[in-house]
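The values are calculated or read from the model by the stated rules, or taken from the named source; none is laboratory data. Because the structure is a prediction, the values reported are computed rather than measured. Heads up, the Cβs are rebuilt from the backbone with ideal geometry, glycines too, and the neighbour counts pull from every protein chain shown.
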């Protein structure tokens, strides 16, 4: 018997129909992977199942009985848990308080902390997280926070968990750990709906794959038998024979040379490498290896304890973003919404940010100049939006294009991209890969940090592997196999 | 596909539209509210809609208006300045006390009055950027310290009597219209409007308020500009102090009590967001006039002071709700 | 324009018109109007004047337009400007701020509107007529009373009003004069308040008792301050009686005298002054001549004589 059944679920927002008559069954102890590009309808479907929004038509049943959740709380009472892509934990409360938030156990009119800590601790240990339940959530790794979320859902008696991009912020080791837990819970009969972009993961973990495209359910597969190319074709509706563009060989001339670079905060030590004109230099490693901290330091965003950076033969003043930008080192940061774009400002203003020195004359910056400048860039990089539109209204991929476009306009010497495609759908990823290839072709030194190994290996001429803040090796592309990189990263 | 060449400012066609609409951009919502208020008062009292009264209102809002200009900058970068009322008091006491106690020449005292404000603002800025205090706390401490210093200067006494030429700046209406202090307010407003709209540095303030980290990573000197913005707010409080002294022909240490809240209200009524990144001088000026017209109109109509307090609170709530809903629509 | 915008604009208009009953007097502009600019209606003394003036104006068939400066002189200048614009025939001016600002008086006089100042007068621009209590004499009376009641011996603590204000200076002067003739009474503590309020009186008195537990007399320069001090004395649980006296004759102060919480207060003729202010203003409007200064005596109110003051506030 199916734990959850959907029949003919349809949902429209205004004139746009985002789901067309979806039928879906999730059986006991089964993991159904939900695939699809951004806007295909995955989030809407999750919202309907978890009680955030009602369907326009269609019916649902839960363990044989009709199911129409009026609110998320209602869905939770039925035994359904939604784990968001972006964590919804309260950072200054303890782990145990987060697990029991809204239903803190009481005894004699006071919170029963002993009971709460014990129960939360049991669940966390079962999930393989060995930390004290009384410590605050702030400072926990993303992976650990996710386990707290899962523990919270399980104490609520969840028998079906919806995981939305659970591995987006996880490194390889954490991902494997998460999968082990999912397998264990499946064996105990817990069902999963698993939303992801990462096709290679799905092959490892899913029992079945369901593909959505433009609100239609276009395919249902038995995972083990589906080649990645088939899934991609299902998702984008056309055959994709190549994700990564051809890369031209780099020149011999080094643009940037880094020697003995050591973080002031202790995130990395004694890093040295150089990147040539036209070269894409990949940095791989698991979460916490110090990759983001390293590229932030190169871009002047974080202070450095020791070491030197030479750009075109001249030393760079460290720890000053304005200085790095002036010399031609630009960074597309990992946290797009927090560090890349100003969400409530227009695309035009976001593009002008960092280019004021070029657009202004004697300090005058006219709105017409900004608009014209922005229109040009929007067109050139194919950003889907008008210059006056707010950055918040854009998809992740288009926000990323805005950040890239801002720096492209400066024609920099060194272009650093940290997790350039995180949370971005397939179609938009290909466009960003094309941009990266074009930057290299224009003679820039390009540094790409990514947790997606396939991406690093597909783009980079050279791959450097970091582990625990140490440089484990610099490999030319030919020598950098999947296995070799993982060996170094986890050494 | 080549992404070069980078654009330069010269290559951009100058498609310039200049109209009243651009002057008021971002302030249409509050403006509707102001017009509505004026209509209501024009219908309820026959003395409201006269040139003389209009000039009175402009005169009455000058001090608040000058404070609100500085507050606009502070709120745009995502800060708050609770100390402007107290800084005004300290500056106004400096202006009265130095000539009286030490025989400092009046023009020099006037300069020191304004600089005192700027100095307090710089301290605010340093507390925010260097000591990393939240703006609310940093300026709250300054609010207390400056008020205390204002009282210390003359041991709480007031100073009466300024040179005639100085008080004439506030009272003499040139060509029957513009007193020098009102002219100063108009000039400062225009200057601030141009700065925030057309200067690269002014635009940077919006980026800082939108996201300080994005701005820093884009090479904007966030700390330096933050200090400058608080300094400007303090400096303007010093200017407002001089204007008030000319208007009242006296200085007292209790001057400007609670003005910071009126200034914040005016900026927010003008459409600024307390979380930063949004706001405009045009909106603020309209907000200042909403507050000014409200007080003026209610007095003209002869409404009891207790009912006035209720009406003012309700109108502010309605004005801000109106603007918030309008933006969402 | 979107639908929401209309909706909200309508809302804003309705909320304003909702205050229409309050606007009603504006339509009846046939009666002559007099303006009353009050320093701060939170203070009972001023509120007494306002209430009496309002009643008197009603009895005489004139409109009284009241504005409240909340203690801020700049606001008061604006309000008097508005009263002038509205075309009032005379202005009753209770100055806000430490000493009275002359600017409003000059502005009114420039518009040929007569001004009656109450409580404080602008030294550089005196009003046509000035009405106030004779605070120096009243404070002297109170000082004599304290001297007599204590048998001329004791330690006195004074909680001052806002430093630099006329009432504070006058009350200081009269009380000091009286004590000069009573050498056994020594002033051992003296501290200023900002707002003449009860809560200030309480905390200042508490701190004073902490430092000088031997205080035998508290003089609060206003009834609010004295009531605060009396409460502090009660809380302190001292082993000797403490005499607390106030000033102003607020309703609360008079009732405290009746209960014995305060030994005495000086009852100012606030109701009378309110009526007198309106009458003086009307005389000026009618072109009659009025005295430039009308100083009122204040009555010493003790438990023995307080009852009639409560029944009919002077």
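Here are A:269, A:253: which of them is surrounded by 14 or more Cβ atoms within 10 Å (Cβ to Cβ), out of contact with any helix residue (DSSP H, G or I) (no Cβ under 8 Å at 6 or more places or on another chain) and modelled with pLDDT of 90 or more?
Exactly one residue qualifies, and that residue is A:269.
I'm told residue B:307 meets every condition in (1) under 29 Å from residue B:130 (Cα atoms); (2) surrounded by fewer than 22 Cβ atoms within 10 Å (Cβ to Cβ); (3) within 13 Å of another protein chain (Cβ to nearest Cβ) except one. Can you identify the failing condition by its number?
Exception for residue B:307: condition (1).
Take the residues of segment B:246-263 that are part of a helix (DSSP H, G or I) and in contact with a helix residue (DSSP H, G or I) (Cβ under 6 Å, 6 or more places away or on another chain): which is nearest to residue C:96 (Cα to Cα)?
Selected residue: B:248.
Select from segment A:439-455 the residues that are within 14 Å of another protein chain (Cβ to nearest Cβ) and out of contact with any strand residue (DSSP E or B) (no Cβ under 9 Å at 6 or more places or on another chain) and list them in ascending order.
Within segment A:439-455, A:441, A:442 qualify.
Contact list please: Cβ distance under 6 Å, first residue in segment C:117-141 and at positive phi and in the same structural domain as residue C:34 (by TED's automatic domain parsing), second residue assigned to a loop (DSSP other than H, G, I, E, B) and crowded, with 23+ Cβ neighbours inside 10 Å, pairs at least six apart or on different chains.
Here the result reads C:119/C:94, each pair linking segment C:117-141 to a residue that is assigned to a loop (DSSP other than H, G, I, E, B) and crowded, with 23+ Cβ neighbours inside 10 Å.
Rundown of residues vs (1) touching a residue at least 12 places away in the same chain (Cβ under 8 Å); (2) in contact with a strand residue (DSSP E or B) (Cβ under 8 Å, 6 or more places away or on another chain); (3) more than 30 Å from residue B:202 (Cα to Cα), yes/no style:
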residue	(1), (2), (3)
B:255	yes, no, yes
B:267	yes, no, no
B:282	yes, no, no
B:307	no, no, yes
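Within segment A:61-77, track down each residue that is farther than 29 Å from residue A:396 by Cβ and surrounded by 19 or more Cβ atoms within 10 Å (Cβ to Cβ).
Selection gives A:62, A:67.
Can you find a residue that is out of contact with any helix residue (DSSP H, G or I) (no Cβ under 7 Å at 6 or more places or on another chain), farther than 29 Å from residue C:49 by Cβ, free of Cβ contacts under 8 Å to residues at least 60 places away in the same chain and assigned to a loop (DSSP other than H, G, I, E, B) anywhere in segment C:215-236?
No, every residue in segment C:215-236 fails to be out of contact with any helix residue (DSSP H, G or I) (no Cβ under 7 Å at 6 or more places or on another chain), farther than 29 Å from residue C:49 by Cβ, free of Cβ contacts under 8 Å to residues at least 60 places away in the same chain and assigned to a loop (DSSP other than H, G, I, E, B).
Any idea which residue in segment C:171-200 is nearest to the other protein chains (Cβ to nearest Cβ), counting only those that are closer than 15 Å to residue C:242 by Cα and buried (at least 18 other Cβ atoms within 10 Å of the Cβ)?
Once the filter is applied, the top-ranked residue is C:189.
Check whether at least one residue in segment A:295-310 is more than 30 Å from residue A:142 (Cα to Cα) and in contact (Cβ under 8 Å) with a residue 60 or more places away in the chain, and report yes or no.
Within segment A:295-310, none of the residues are more than 30 Å from residue A:142 (Cα to Cα) and in contact (Cβ under 8 Å) with a residue 60 or more places away in the chain.
So which residues in segment A:456-483 are assigned to a helix (DSSP H, G or I) and in contact with a helix residue (DSSP H, G or I) (Cβ under 8 Å, 6 or more places away or on another chain)?
A:456, A:457, A:458, A:459, A:477, A:482
What do you reckon, is residue A:291 buried (at least 23 other Cβ atoms within 10 Å of the Cβ), modelled with pLDDT under 95 and in the same structural domain as residue A:263 (by TED's automatic domain parsing)?
yes
How many of the residues in segment A:350-377 are more than 8 Å from chain B (Cβ to nearest Cβ), within 19 Å of residue A:331 (Cα to Cα) and not in a loop (DSSP other than H, G, I, E, B)?
Looking only at that region, the number is 2.
Closer than 22 Å to residue C:194 by Cβ and modelled with pLDDT under 95: does that describe residue C:238?
No, not satisfied.
Looking at (1) away from chain B (no Cβ under 14 Å); (2) in contact (Cβ under 8 Å) with a residue 12 or more places away in the chain; (3) surrounded by fewer than 20 Cβ atoms within 10 Å (Cβ to Cβ); (4) farther than 27 Å from residue A:312 by Cα, find the lone condition where residue A:394 falls short.
(3)
I'm trying to understand the selection: among the residues of segment B:239-266, which are within 17 Å of the chain's Cα centre (by Cα), within 7 Å of another protein chain (Cβ to nearest Cβ) and surrounded by fewer than 24 Cβ atoms within 10 Å (Cβ to Cβ)?
B:257, the sole residue that qualifies.
Taking the options A:467, A:489, name whichever one is in contact with a strand residue (DSSP E or B) (Cβ under 8 Å, 6 or more places away or on another chain), modelled with pLDDT under 95, more than 19 Å from residue A:255 (Cβ to Cβ) and surrounded by fewer than 24 Cβ atoms within 10 Å (Cβ to Cβ).
A:489
Do you know which of the residues in segment B:224-238 that are farther than 14 Å from residue B:192 by Cα and under 11 Å from the mean Cα position of the chain (by Cα) is farthest from the other protein chains (Cβ to nearest Cβ)?
B:234
Out of the residues in segment B:284-305 that are in a helix (DSSP H, G or I) and in contact with a strand residue (DSSP E or B) (Cβ under 6 Å, 6 or more places away or on another chain), which is modelled with the highest pLDDT?
Applying the filter and picking the extreme gives B:299.
Which helices (runs of 4 or more DSSP H) sit wholly inside segment B:116-222 and have at least 2 residues that are over 29 Å from residue C:194 (Cα atoms) and more than 14 Å from chain A (Cβ to nearest Cβ)?
B:164-171, B:180-198
What tally of residues in segment C:113-162 results from selecting those that are within 25 Å of residue C:101 (Cβ to Cβ), out of contact with any helix residue (DSSP H, G or I) (no Cβ under 8 Å at 6 or more places or on another chain) and surrounded by fewer than 21 Cβ atoms within 10 Å (Cβ to Cβ)?
3
Just checking, which of C:156, C:105 is touching a residue at least 60 places away in the same chain (Cβ under 8 Å) and more than 10 Å from chain B (Cβ to nearest Cβ)?
C:156
Restrict the check to segment A:337-345 and report whether at least one residue is more than 7 Å from chain B (Cβ to nearest Cβ) and over 23 Å from the mean Cα position of the chain (by Cα).
Checked against the condition, which is being more than 7 Å from chain B (Cβ to nearest Cβ) and over 23 Å from the mean Cα position of the chain (by Cα), segment A:337-345 yields no hits at all.
Taking the stated definitions as given, is residue A:280 within 13 Å of chain B (Cβ to nearest Cβ) and within 24 Å of the chain's Cα centre (by Cα)?
Criteria not met by residue A:280.
From (1) out of contact with any helix residue (DSSP H, G or I) (no Cβ under 7 Å at 6 or more places or on another chain); (2) under 29 Å from residue C:151 (Cβ atoms); (3) in a helix (DSSP H, G or I), pick out the condition that doesn't hold for residue C:203.
(2)
Please work out which one of (1) within 12 Å of chain B (Cβ to nearest Cβ); (2) more than 25 Å from residue B:76 (Cβ to Cβ); (3) surrounded by fewer than 23 Cβ atoms within 10 Å (Cβ to Cβ) is the condition residue A:303 fails and give its number.
(1)
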